[in-house]
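Data block below; observations after.
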Amino acid sequence: EFILNYSSNNTITENYKPFKINSVISHDNLKKFLKQYIDNNDFPNILLHGLPGIGKTCLINTCLNELFDNTEYNIMNINASEKRGVSMLKDLLTNFLEIDTRFLKNNLKIIVLDEMDNLTIEAQNLIKTFIDVYKNVRFVLICNYENKVCESLKCRCFYYKLIKPNKEEIKKNIEKILVFENINISTLALDKILDYSNNDIRKILNILQCLKIVYKSKPIFENNVIKYLNITKKQEIKTLCY
């Protein structure tokens, strides 16, 4: 499952996207909670919030992969940053809900709203109404800032704040990818990337993708990373301050 979707034409981020919930880095308490729902062929209305790049969408996708055996007929994904208006959102939701449930596994429909903190209050109230009316529908609301979500919607969801995985958790998984991708990078260079990325997994993988293109299988040292990322050394900063 670690390289289930591997293709030489894919980016590193695409190739190592987890397909099983247990493959997701960190978030063990939340994974245990969601696994109970998966085992019971059910799913809650859920609101996940936390900083970008910590695995919110990735975690939900792995849950839904397991719940519906990788089929997408039960699921509609909406990026709320592109569809903020209530009229457009209402049309999307209504069309999806008209699908005959006889063809759906578990008789469940899941609507995943990513970046939903971009929605207007009117659009959020619409979602609240859909939750109250349609009992075979579950909403997965994903956002960066939960203070932008109205209280009446929060109270209808299980909501959970994700925090960034620690450096050692990330490093352990990244080292596996380095082996598969034949990226020859020193420990100090990798540490520099992790520090620079502030444990943002998506950013780390994007940097590794770029470094692989530039250096191929050549050794990558700390100075190479500093130069590539244009990181100013602390000593240089002190010099500029005086």
Quick one: of 31/176; 35/218; 35/176; 56/176; 56/218; 167/216, which pairs are farther than 30 Å apart, Cα to Cα? 35/218; 56/218
Roughly how many debye, to the nearest 20, is the charge dipole of segment 136-206 about its Cα centre, given +1 on each Lys and Arg Cβ, -1 on each Asp and Glu Cβ, and no other charges? 300
For segment 194-209, just list the computed ³J(HN,Hα) in residue order, Karplus coefficients 6.51, -1.76 and 1.60, θ = phi - 60°, integers in Hz, with x standing in for Gly and Pro. 5, 5, 4, 7, 6, 6, 8, 4, 4, 5, 4, 5, 5, 5, 4, 4
222 nm [θ] for the chain, helices only, -39500 (n - 2.57) per DSSP H run of 4+, per residue, to 500? -14000 deg cm²/dmol
Collect residues whose amide H, placed 1.01 Å from N in the peptide plane, falls under 5 Å from the amide H of residue 75; neighbours closer than 5 in sequence don't count. 110
Estimated vicinal HN-Hα couplings, Hz - segment 51-58 in sequence order (Karplus 6.51, -1.76, 1.60; Gly, Pro = x): 5, x, x, 9, x, 4, 5, 4
If every Lys and Arg gets +1 and every Asp and Glu gets -1 at its Cβ, then about the Cα centre the chain yields a dipole, in debye to the nearest 20, of 580
For residue 47, residues with placed amide H under 5 Å, excluding near neighbours: 141, 158, 159, 160
Would you please put 110-121, 125-136 in order of how densely packed they are, using the mean number of other Cβ atoms within 10 angstrom per residue and starting with the highest? 110-121, 125-136
Quick one: what does P(r) look like for segment 124-188 with 5 Å bins over all Cα pairs, in whole %? 3, 12, 19, 13, 8, 8, 9, 10, 10, 6, 2, 0
Dipole axis of the chain (+1 Lys, Arg; -1 Asp, Glu on Cβ), positive-most option in 223, 53, 79: 223
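Laboratory data are not the source of any read-out in this text; all were calculated from the coordinates shown. This one's a predicted model, so the numbers in the text were calculated from it and none came from an experiment. Please note: Cβ atoms are built from the backbone with ideal geometry, for glycine as well, and neighbour counts cover all protein chains shown.
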